[in-house]
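Working notes, beginning with the structure itself.
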Amino acid sequence: MAQIRLRPLVKQLAVPPGAPPRSQVPSVRYDLAVSGAGEAPDDGVPGDEGPREIFERGGASWYGIQFHQRKTASGERFDMTEFTAAHKTLPFNTRVCVRSLVNGREVLVRINDRGPYTSGRIIDLSRAAAESIGLLGLGIKQVALHIVVKETDRCGGTVVGVADVPAAPAEPAPQAKSVRKVAPRTRK
């Protein structure tokens, strides 16, 4: 049997010198997982107060039924139908406007858990939050995070105040177990 000699792979596109490129599509930046802390570029959402400050950009994923009703890092039970999310460093109960960089949809979430623990991802959304920005089919989507701190901040096209988002549900206080005294049995 004749031995086939393989040529090494070329690190560049296989386009002959001087030939036009195969595609006219502009290149895409895939380094969005790098934090954009403190930058204030035009976020594409019209508003009177100008562009919002982007806290962070990167990949978003979602979690649902496999974690439903389990305790989160904040101690409350995870409910996949509420608009909550997990973030590695933001304080619990922080309100965050998550904007899809793919379709421009936004959702307001409350941080109640820690994670994600996969590189390139900056936030894990509940199923309801992921569904509202069209993330369910894709699994991972590039997003920009904006922290809601002022009464005039906006998310999803409407102005939302800090008080507009429901706070964490109150955990029921642990009830003391009542001890029932049972009289000892006597023999007759």
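The values are calculated or read from the model by the stated rules, or taken from the named source; none is laboratory data. Computed from a predicted model, the values in this text were never measured in an experiment. All Cβ positions, glycine included, derive from the backbone under ideal geometry; neighbour counts span all protein chains shown. Side chains are part of the model used for accessible areas, which takes the heavy atoms of the whole protein and leaves out ligands, DNA and RNA. Shrake-Rupley method; radii C 1.70, N 1.55, O 1.52, S 1.80 Å.
Here is how the numbers come out for the structure above:
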read-out	value
Subset of region 111-121 [open to solvent by 10 Å² or more (accessible area, probe 1.4 Å) and either within 8 Å of the chain's Cα centre (by Cα) or under 16 Å from residue 143 (Cα atoms) (or both)]	118, 119, 120, 121
Lone unmet requirement of (1) at pLDDT 95 or above; (2) in contact with a helix residue (DSSP H, G or I) (Cβ under 9 Å, 6 or more places away or on another chain); (3) not acidic (Asp, Glu) for residue 111	(2)
Single residue of 84, 89, 94 found to be surrounded by fewer than 10 Cβ atoms within 10 Å (Cβ to Cβ) and modelled with pLDDT of 90 or more	89
Which numbered condition residue 111 fails, given (1) within 16 Å of residue 64 (Cα to Cα); (2) in a loop (DSSP other than H, G, I, E, B)	(2)
Filtered residue count, region 140-154, keeping only those that are open to solvent by less than 30 Å² (accessible area, probe 1.4 Å), out of contact with any helix residue (DSSP H, G or I) (no Cβ under 9 Å at 6 or more places or on another chain) and more than 14 Å from residue 94 (Cα to Cα)	3
Region 64-110: number of residues that are of a type outside the set (A, V, I, L, M) and within 23 Å of residue 134 (Cα to Cα)	22
